[in-house]
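Taking it in order: structure first as structure tokens, then the write-up.
We did not get these values from a lab; they are worked out from the coordinates using the rules stated. Please read all numbers here as calculations on a predicted model, not as lab measurements. Using ideal geometry, Cβ is built from the backbone for each residue, glycine included, and neighbour counts are taken over all protein chains shown.
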Amino acid sequence: MLKVLLVEDEDLIRRGLRFQMDWTAAGCVVADEAASGREGLEKIRLLHPDVVVTDVRMPDMDGLEMLRQGLELCSFDAIVVSGYSEFDYAQQAIRLGVVEYLLKPVDFHDLRGCIQKIVARRQQRQQESQGQPSPPLVPDIDPAALTNRYAARMLQYIQEHYAERISLTDLSQELNISCTHLNAKFKAEVGYTFHDFLNHYRITRAVELQKQGSWKLYEIAEMVGFSDYKYFNKVYKKYVGYPPNKSLS
């Protein structure tokens, strides 16, 4: 899976980018967030992300300067998100090799299209480097995108059973490997522990159900695997930044 870094100084927008986009289905995982250009540059240095999604104007270092310096540290694809439509910003972004320049408010269909371009292009390059014919330009959006078979099985298990009561012990017994080793393999592949990723995935699904407006919050909690509504509130606030009764829109 591709590691994504989100850089945005406005908390509400940054959380929206994280939870209103189905990153897992796009073959990605949000590895980390940053609230400023300088913090983003440090996260680039530490994480070596595959994709950086960044705002342009931030108080300490603008997004384009962060991208310039970051690309000297490692190679990644960049998507610029901005509320400013001035042509010079777009020109600078193009010179930096930015995949797309999106205006706020973000159209998540457009963002998903950008991610699909990146995944497809990377797959094509990989196939060409191996001397194989290029596959159709579609993203690999299932657990087959993972290189470790244990991590791939864990991701598949989460996607299929997140609404149920599941644990790492269940998978450990199924795969005949200790919980410690299994968790380590998963974290090395996707950047999260099994428990953290499970909660993240559940909350992402909860946000999607909220947007449909067809269920009460306690019903949504049960639908995504939380039998305790108070605990659902606690986990939701931890990941999204505020309680579920506050709209993301």
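What does the C-alpha gyration tensor say about the overall shape of region 2-124? Classify as rounded when a/c is under 1.5, otherwise prolate if a/b is larger than b/c, or oblate. If you can, show how the numbers build up before the last one.
Numbers: a/c = 1.20, a/b = 1.14, b/c = 1.06.
Taking the square roots of the gyration eigenvalues as a ≥ b ≥ c, region 2-124 is rounded.
Run the helix sum for the chain: -39,500 (n - 2.57) per DSSP H stretch of 4+ residues, divided by residue count, reported at 222 nm to the nearest 500 deg cm²/dmol. Numbers along the way, then the final one.
Working: 11 runs with 131 residues, N = 249.
Computed mean residue ellipticity for the chain: -16500 deg cm²/dmol.
Sorting check: for 20-32, 148-160, which peptide has the highest mean count of neighbouring beta carbons within 10 Å, and how do the rest follow?
Values: 20-32: 20.5, 148-160: 17.7.
Output ranking for 20-32, 148-160: 20-32, 148-160.
Charges at C-beta only: +1 for Lys and Arg, -1 for Asp and Glu. How large is the resulting dipole of region 143-249 about its Cα centre, in Debye rounded to 20?
380 debye
If the only charges are +1 at each Lys and Arg Cβ and -1 at each Asp and Glu Cβ, what is the size of the charge dipole of region 2-124 around the Cα centre, to the nearest 20 debye? Display every interim value, and only then the final one.
Working: 15 positive and 21 negative charges, 95 e Å.
My answer is approximately 460 debye.
Over the chain, with a Gaussian network built from C-alpha contacts below 10 Å, which listed residue (16, 70, 97) shows the highest mean-square fluctuation?
So, out of 16, 70, 97, the one fluctuating most is 97.
Could you check the simple spin-label distance between residue 126 and residue 176, using points 7 Å along Cα→Cβ, in nm with one decimal?
It is 2.8 nm.
For the charge dipole of region 2-124, defined by +1 on Lys and Arg C-beta atoms and -1 on Asp and Glu C-beta atoms about the Cα centroid, which residue among 37, 102, 51 has the Cα displaced farthest towards the positive pole?
51
Specify which residue in the list 16, 242, 73 is farthest towards the positive end of the charge dipole of the chain, using unit charges on the beta carbon of Lys, Arg (+1) and Asp, Glu (-1), about the Cα centre.
Checked the options; the winner is 242.
Rounded to the nearest Å, what's the spacing between the alpha carbon centres of region 159-212 and region 1-58? Just the number, please.
That distance is 21 Å.
Projected area of the chain, taken from the Cα convex hull and averaged over every viewing direction, in nm²?
Details: hull surface 57.8 nm².
Directional mean of the projected Cα hull area for the chain stands at 14.5 nm².
Which entries in 216/246; 43/117; 3/43; 104/187; 211/234 show an alpha-carbon gap greater than 22 Å? Spell out each step's value before the answer.
Working: 216/246 13 Å; 43/117 24 Å; 3/43 12 Å; 104/187 33 Å; 211/234 20 Å.
Pairs exceeding the cut-off: 43/117; 104/187.
Under a 5 Å amide H to amide H cut-off, with H placed in plane at 1.01 Å, what residues pair with residue 103 once short-range neighbours are removed?
Hits under the 5 Å cutoff: 82.
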